[in-house]
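Asks: A single structure is presented below for examination.
Values in this text are rule-based calculations from the coordinates and carry no lab data. As the structure is a computational prediction, the values presented were derived from the model and not from experiment. Positions of Cβ are backbone-derived with ideal geometry, glycine not excepted, and every protein chain shown enters the neighbour counts.
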Amino acid sequence: MRLTIELSSLNVRHASGGPFGAAVFDEEGRLVAPGMNLVVSSGCSLFHAETVALVFAQKVLGRYDLGDGRALRYELYASTEPCAMCFGAIPWSGVSALLCGARSGDARAIGFDEGDKPGDWTTLLEKRGIRVELDLLRPEAVAVLQDYASSGGEIYNPRKTPLYPPLTGEG
């Protein structure tokens, strides 16, 4: 977790992206791939730290399913819990665990729109065999978010309300 927080802090210090970092580690604790938020610097809304780390891990390992059908175990660390987009990408990545620092509410507190995730998002991942741990080094992760806001970092997609009403029923 310290690495992901340091990656997010480096993004703030160098103004190279949003205040988010992520990394994929193997079951021995070895780094497979780091990820930094590159949304603003790349001009691409998909380049969140989690997706960058997952893409690079998949490239390094040469497969789209990091867990290779659950035969292998890889963990995704994220300096802040995933937004709606990254939450959706996690089950398809093949990771066996997600470990997070700051909460979505912490990112919202400085103005980011984290999208609409189900309230029971951790349970939904756990039902898919993905262990979830929250609040690891949360004060340190929140401090990076606050540094970003106080330094005038760009708050992209700052919507405070959902774009669409919640879905009801089946469609």
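Asks: Taking 0.36 nm per residue of separation and subtracting the Cα-Cα distance, what length does fully extending LYS59 through ASP120 add?
Replies: Extra length from LYS59 to ASP120 when fully extended: 18.9 nm.
Asks: On to the next question. Which whole-number percentage describes the relative contact order of region 2-150, with Cα contacts under 8 Å and a sequence gap of 6 or more?
Replies: Details: 306 pairs, mean separation 31.1, N = 149.
Relative contact order for region 2-150 comes out at 21 percent.
Asks: With percent of Cα pairs over 24 Å apart in mind, check [x] 53; [y] 44; [z] 31 and report the label derived from this structure.
Replies: Of the listed options [x] 53; [y] 44; [z] 31, [z] comes from this structure.
Asks: Work through the residues other than LEU38 whose Cβ is under 13 Å from its Cβ and net out their charges, Lys, Arg +1 and Asp, Glu -1.
Replies: On the way: positive: none; negative: GLU50, GLU154.
With Lys, Arg at +1 and Asp, Glu at -1, the net is -2.
Asks: With point charges of +1 on the Cβ of Lys and Arg and -1 on the Cβ of Asp and Glu, referenced to the Cα centre of the chain, which listed residue (GLY152, PHE87, GLY62) lies farthest in the positive direction of the dipole?
Replies: GLY62
Asks: How much length is gained on full extension from GLU154 to HIS14, taking 0.36 nm per residue of separation minus their Cα-Cα distance?
Replies: Value of the extension gain: 49.1 nm.
Asks: Can you list residues from other chains, or at least 5 along the same chain, whose modelled amide H is less than 5 Å from the amide H of ALA97?
Replies: Hits under the 5 Å cutoff: TYR74, LEU76, ARG131.
Asks: Taking the number of other C-beta atoms within 10 Å as the exposure measure, put GLU126, GLU75 in order starting with the fewest.
Replies: On the way: GLU126 13, GLU75 20.
In increasing order of surrounding Cβ atoms, one gets GLU126, GLU75.
Asks: Stretch GLU27-CYS44 to full length: gain in nm at 0.36 nm per residue minus the Cα-Cα span?
Replies: Difference between extended and current length: 3.0 nm.
Asks: Just name one of ALA143, LEU99, ILE110: the one whose Cα is farthest towards the positive end of the charge dipole of region 41-149 (beta-carbon charges, Lys/Arg +1, Asp/Glu -1).
Replies: Value: LEU99.
Asks: Here's another thing I want to ask about it. Once phi is turned into θ = phi - 60°, what whole-Hz ³J(HN,Hα) does the Karplus curve with 6.51, -1.76 and 1.60 give for every residue of region 124-141, x standing for Gly and Pro?
Replies: Each residue's phi maps through the Karplus curve to give 4, 5, 4, 5, 8, x, 9, 5, 10, 10, 10, 6, 6, 6, 3, x, 5, 5 Hz.
Asks: How would you rank MET1, MET36, going from fewest to most other Cβ atoms within 10 Å of each one's own Cβ? Can you show the working numbers first?
Replies: Numbers: MET1 19, MET36 25.
With the fewest neighbours first, MET1, MET36 line up as MET1, MET36.
Asks: Another question about this same structure. Going by how many other Cβ atoms sit within 10 Å of their own, how do THR123, THR4, THR80, THR51 line up, fewest first?
Replies: THR123, THR51, THR4, THR80
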